[in-house]
Amino acid sequence: MARTFVTEPRINWYRSPIERDELQSLMERSDARGWTQTLLHLGWFATTAGLAYAAWLNISAENWLWSVPLLLAALFLHGTMGPFMGLIAIHELQHRTVFRTRWLNPFFEVLYAFISWSDYLWYRESHVQHHLSTCHRDYDGEVQLPVRFSLTRWETWVGFLAWNPKATWARLKTTWRHARGDIRGDWYEHLFPESKPELRRRHRNWHRVLLIGHGLLAALFIATGHPFLIIVFTFGTQYCGWLGFLCGVPQHFALNSDIPDFRMNTRTFTCSWLPGFYYWNMQYHLEHHMYPAVPFFNLPKLRAAIEDDLPPAKHGLYATWKELLMIRRRVLDEPGYEYIPAVPQHPPLAAN
């Protein structure tokens, strides 16, 4: 049975108080910070690709005992970066908060989307609704609670630590289907209704760009004698997804639907600088949902400004996942259990 979503949510959200002048200061964009993040991010992806390619070129029958493990380590390093080249980077660029110069945001948005085979037009439509109606079941089709995952399927671990060909094949089939204008699914139909033919046409054409563009580049790599570049560029964002999974799942996992308080449906954790760099500081996810116009590089400052009104944040992925798995076990043992984050004060937990 088709699911119907409400188009225009009217939710009176609670936001932690902050002085207007301080918020205005935190909302300031910066080209310098935007260029630093973007060039380092893209540069590290290119560097790890280069390391993997260099390791590939050095494999021989005489040195395979060390050169093959070196290649696998380089591919693992490169692939670990991959998930953050897609919707994570595109997410902040779509908020138009990375660069002060506005045209740079959509330029890099499209560049990242091409590299990662991302459906950025769908995400642009979807993510606006997600922010307006976070985890409200009648409005938000992007995140439907409860978030579920399995750590027992072999495909999960293959995708975490190496490459899951089934996932890549599914991505290619979906891209091919969208390139033919074949849109399926209740949320897709909601975002791309037949009443918006121009939006559907742009969506179809983007997927044609992905197929033709990556196909031509793959042919160029083969023709010039560099077929290994297909592994590190064409499909370089589709393996070793372990860190992207560990960072992404905590955002809304085991939290609450239909409550107009971001503290009840969105989670922040803190971490060291490297995951934060990969993740564009989206570990500060609660703060981002409360004040989405604050650039990623100012989210730690925003956290400090309103921390007294927020739930405590776990530090590090180990502590974060220890808590998540503990909650998961309790939910499985007690189907009626609901996890309520500890907040200093909050409005009554009534559905909006």
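The values are calculated or read from the model by the stated rules, or taken from the named source; none is laboratory data. What you are looking at is a predicted structure, and each value in this text was computed from that prediction instead of being measured. Virtual Cβ from ideal backbone geometry, glycine too; neighbours counted across all protein chains shown.
Scanning the range 1-30 for residues that are more than 15 Å from PHE262 (Cα to Cα), surrounded by 11 or more Cβ atoms within 10 Å (Cβ to Cβ), modelled with pLDDT of 95 or more and not polar (S, T, N, Q) returns ILE18, GLU22, LEU23, LEU26, MET27, GLU28, ARG29. Within the option set ARG171, ARG180, ARG208, ARG201, being of a type in the set (D, E, K, R), modelled with pLDDT of 95 or more and within 28 Å of ALA54 (Cβ to Cβ) holds for one residue only, ARG171. If I filter the range 215-230 for residues that are at pLDDT 95 or above, under 22 Å from the mean Cα position of the chain (by Cα) and part of a helix (DSSP H, G or I), do I get at least one hit? No.
Considered as a group, the residues in the range 35-57 that are in contact with a helix residue (DSSP H, G or I) (Cβ under 7 Å, 6 or more places away or on another chain) and small (Gly, Ala, Ser) include one that is nearest to PHE84 (Cα to Cα), and that residue is ALA49. PHE84 fulfils the conditions (1) under 18 Å from ASN281 (Cβ atoms); (2) surrounded by fewer than 17 Cβ atoms within 10 Å (Cβ to Cβ) except for a single criterion, (2).
Taking residues in the range 148-169 that are over 19 Å from LEU72 (Cα atoms), and partners anywhere that are acidic (Asp, Glu) and assigned to a helix (DSSP H, G or I), the pairs with Cβ atoms closer than 7 Å and at least 6 places apart or on different chains are LYS166/GLU155. Candidates in the range 58-79 are the residues that are aliphatic (A, V, I, L, M) and in contact (Cβ under 8 Å) with a residue 24 or more places away in the chain; of these, the one that is nearest to TYR279 (Cα to Cα) is LEU77. In the set PHE233, PHE245, only one residue is part of a helix (DSSP H, G or I), aromatic (Phe, Trp, Tyr) and in contact with a Ser or Thr (Cβ under 9 Å, 6 or more places away or on another chain); that residue is PHE245. Within the range 87-109, being within 16 Å of PHE277 (Cβ to Cβ) and not hydrophobic (A, V, I, L, M, F, W, C) holds for HIS91, GLU92.
Quick one: which helices (runs of 4 or more DSSP H) sit completely within the range 260-307 and have at least 2 residues that are crowded, with 24+ Cβ neighbours inside 10 Å and of a type outside the set (A, V, I, L, M, F, W, C)? Quick ask: steps written out before the conclusion?
Values: elements: 262-265, 273-278, 285-290, 299-306.
Qualifying helices (runs of 4 or more DSSP H): 285-290.
Considered as a group, the residues in the range 135-168 that are of a type in the set (Phe, Trp, Tyr) and part of a helix (DSSP H, G or I) include one that is modelled with the lowest pLDDT, and that residue is TRP154.
Kindly evaluate LEU93 against the criterion of being buried (at least 23 other Cβ atoms within 10 Å of the Cβ) and either among the aliphatic types (A, V, I, L, M) or in contact (Cβ under 8 Å) with a residue 12 or more places away in the chain (or both). So LEU93 passes the test.
Condition check ((1) surrounded by 17 or more Cβ atoms within 10 Å (Cβ to Cβ); (2) in a helix (DSSP H, G or I); (3) not acidic (Asp, Glu)) across all residues:
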site	(1), (2), (3)
SER118	yes, no, yes
LEU121	yes, yes, yes
GLN129	yes, yes, yes
ALA170	no, yes, yes
ARG177	no, yes, yes
GLY181	no, no, yes
TRP187	yes, yes, yes
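Hey, does the range 24-33 have a residue that's hydroxyl-bearing (Ser, Thr, Tyr), under 13 Å from VAL232 (Cβ atoms) and assigned to a helix (DSSP H, G or I)? Looking for residues that are hydroxyl-bearing (Ser, Thr, Tyr), under 13 Å from VAL232 (Cβ atoms) and assigned to a helix (DSSP H, G or I), one finds none in the range 24-33, hence no.
Does ALA46 count as surrounded by 17 or more Cβ atoms within 10 Å (Cβ to Cβ), of a type in the set (Gly, Ala, Ser) and either in contact with a Lys or Arg (Cβ under 7 Å, 6 or more places away or on another chain) or at pLDDT 95 or above (or both)? Considered against the rule, which asks whether it is surrounded by 17 or more Cβ atoms within 10 Å (Cβ to Cβ), of a type in the set (Gly, Ala, Ser) and either in contact with a Lys or Arg (Cβ under 7 Å, 6 or more places away or on another chain) or at pLDDT 95 or above (or both), ALA46 comes out as no.
Just the residues that are crowded, with 19+ Cβ neighbours inside 10 Å and under 24 Å from ALA89 (Cβ atoms), please, taken from the range 134-159.
First, pick out the residues of the range 134-159 that are crowded, with 19+ Cβ neighbours inside 10 Å: 134-136, 139-143, 159.
THR134, CYS135, ASP140, GLY141, GLU142, VAL143, GLY159, listed by residue number.
For the range 206-233, filtered to residues that are of a type in the set (Val, Ile, Thr) and buried (at least 19 other Cβ atoms within 10 Å of the Cβ), the residue that is nearest to HIS78 (Cα to Cα) is VAL232.
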